[in-house]
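Below is one structure; the comments refer to it alone.
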Amino acid sequence: MKLRLLAAALAATVVLPLGIANAADLEVTHWWTSGGEAAAVAELAKAFDATGNKWVDGAIAGSGGTARPIMVSRITGGDPMGATQFNHGRQAEELVQAGLMRDLTDVATKENWKDVIKPLSLLDSCTIDGKIYCAPVNIHSWQWLWLSNAAFKTAGVEIPKNWDEFVAAGPALEKAGIVPLAIGGQAWQANGAFGVLVIAIGGKDVYQKVFADKDEEAAAGPEMVKVFKAADDARRLSKGTNVQDWNQATNMVITGKAGGQIMGDWAQGEFQLAGQTAGTDYTCLPGLGVNEIISTGGDAFYFPLLEDEEKSKAQEVLASTLLDPKTQVAFNLKKGSLPVRGDVDLAAANDCMKKGLDILAKGNVVVSTDQLVSADSQKQMEDLFSEFFATPAMTPEDAQKRFVDIIAAAD
């Protein structure tokens, strides 16, 4: 053990990004456990290990809804990890306010994060009272409909170009024994799909009024009635999915057992791992083919305050490594997400990623709901839409009334 640490320390004198001559094992917790996600995490671990430090993987299965409470409990209970994943937004707000998270402002200033991170709203989400508390690593957008080309060929219908065509193709898919829309049983998946429908069917202005302005009149308005009608269609088309995890639902699309899936661009990692090619084996419709807008959500790493000086130094190295241009490219190509740096070369991006980059370049973006509402309000919406998708007897009108109440009380 001592020999390994000594060798690592000697190597680190040359390669550590911040010129730190010591090395440490650093536990990093996250919820990236699918095949595609694991391949992406391996790129982060490889880059950090190359600094002479050691990435100790702390993967927690079950997605963010399962992992976040465990992460928070460890930090508040006095057993902090070296670094932990959260989504961009307000999920770590209370931890920061409690003085449990590390200030990264010095690292961010030294490495000019404000000049290279695009859009700047990602760094704004890391900033509380003028101090930066996290390192953004990617831009993940929920605004995608992924389609199985093989499924539509089997059903004898053209590959849809938008949501209305997809809904119209539902009966042909069902007749061929194919589930039209795969939505896993976890609450966040139903809530995420609903958020996509808000932008695609309701439009950007409605999305902003509802989630940013917390406008209950907009939430109760006629445009949102259309959104809830679309959610009712999605519920009907997803009947028979019978899986829990998002990547299981993605696999239904990959294998042609489902026609499509509303899911974030992290689904691309699963298609890539399965050896499928965008445009040939599967088709992607940003904004459901209706409104080509993407939300700038995604992931960031926070660093709990540690008493161990060497681990604290290693935290700085990890923060620097996560934003390194080479790391950004290697990680995001595997993850299916877009880089947070606006100065990296993504010539190797596939067709779907290039669509996302083009939308981002045009500025057709909205801030994700994680950045607009508190974790508590988000949880209330997850509970509502989980119940809605699991309960055919709940009418769209009843669901909308409950949604309006949530928005009216949202913070």
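Quick notes on this structure:
- Put simply, the amide H of residue 32, placed in the peptide plane, has neighbours under 5 Å in 60, leaving out anything fewer than 5 places away on its chain.
- Of the residues 402, 90, 102, the one with the largest accessible area comes first in the ranking 402, 90, 102, computed with a 1.4 Å probe on protein heavy atoms.
- Taking the chain and dividing mean pair separation by its residue count, relative contact order in percent (alpha carbons under 8 Å, at least six apart): 26 percent
- Segment residue 395-residue 226, extension gain: residue separation times 0.36 nm, minus the distance between their alpha carbons: 59.5 nm
- Taking the helices alone, the chain has a mean residue ellipticity at 222 nm of -14500 deg cm²/dmol, built from -39,500 (n - 2.57) per DSSP H run of at least 4 residues and averaged over all its residues.
- Partners of residue 401 within straight-line reach, counting lysines whose Cα lies under 28 Å from its Cα and excluding those fewer than 8 residues away in the same chain: 204, 209, 214, 226, 229, 239, 379.
- Couplings 3J(HN,Hα) for region 394-411, derived from phi with the Karplus relation 6.51 cos²θ - 1.76 cosθ + 1.60 (θ = phi - 60°), are 6, 6, x, 5, 5, 5, 5, 4, 5, 5, 4, 5, 5, 5, 4, 9, 5, 10 Hz, where x marks Gly and Pro.
- You can think of it this way: the chain between residue 215 and residue 312 has 30.6 nm of extra reach, that is 0.36 nm per residue less the Cα-Cα gap.
- Maximal additional length on extending the residue 361-residue 165 stretch stands at 67.8 nm, based on 0.36 nm per residue less the C-alpha distance.
- Three-way shape label, region 272-411, alpha-carbon gyration tensor, a/c 1.5: oblate
- For the chain, the carbon plus sulfur part of the accessible surface works out to 51%, probe radius 1.4 Å.
- Residue-normalised accessible area of region 20-76, expressed per residue, 1.4 Å probe, Å²: 35 Å²
- Förster radius 45 Å - calculated FRET efficiency between residue 97 and residue 239 (Cβ-Cβ, nearest 0.05): 0.55
- Anisotropy class assigned to region 209-340 is oblate, per the alpha carbon gyration tensor with a/c at or over the 1.5 cut-off and a/b no larger than b/c.
- Lysines with Cα under 19 Å of residue 54, excluding same-chain neighbours fewer than 8 positions away: 2, 46, 311, 313, 326
- Estimated distance in nm for a label pair at residue 154 and residue 277, the labels positioned 7 Å out from Cα along Cα-to-Cβ: 2.2 nm
- The DSSP beta bridges internal to the chain are antiparallel in roughly 60% of cases.
- The convex hull drawn around the Cα atoms of the chain, when projected onto a plane and averaged over every direction, covers 19.4 nm².
- Placing a label point 7 Å from the Cα of residue 354 along the Cα-to-Cβ direction, the residues of region 281-304 whose backbone N falls under 16 Å of that point are 281-286.
- Förster radius 51 Å - calculated FRET efficiency between residue 56 and residue 343, Cβ distance, rounded to 0.05: 0.95
- Region 47-122-region 207-252 distance, computed between alpha-carbon centres (Å): 29 Å
The values are calculated or read from the model by the stated rules, or taken from the named source; none is laboratory data. Keep in mind that what you see is a predicted model, and the values were worked out from it rather than measured. When we count neighbours, we look across all protein chains shown, and the Cβ atoms used for this are built from the backbone with ideal geometry, even at glycine. When the accessible area is computed, the model is the full protein with side chains, heavy atoms only, and any ligands, DNA or RNA have been set aside. Shrake-Rupley method; radii C 1.70, N 1.55, O 1.52, S 1.80 Å.
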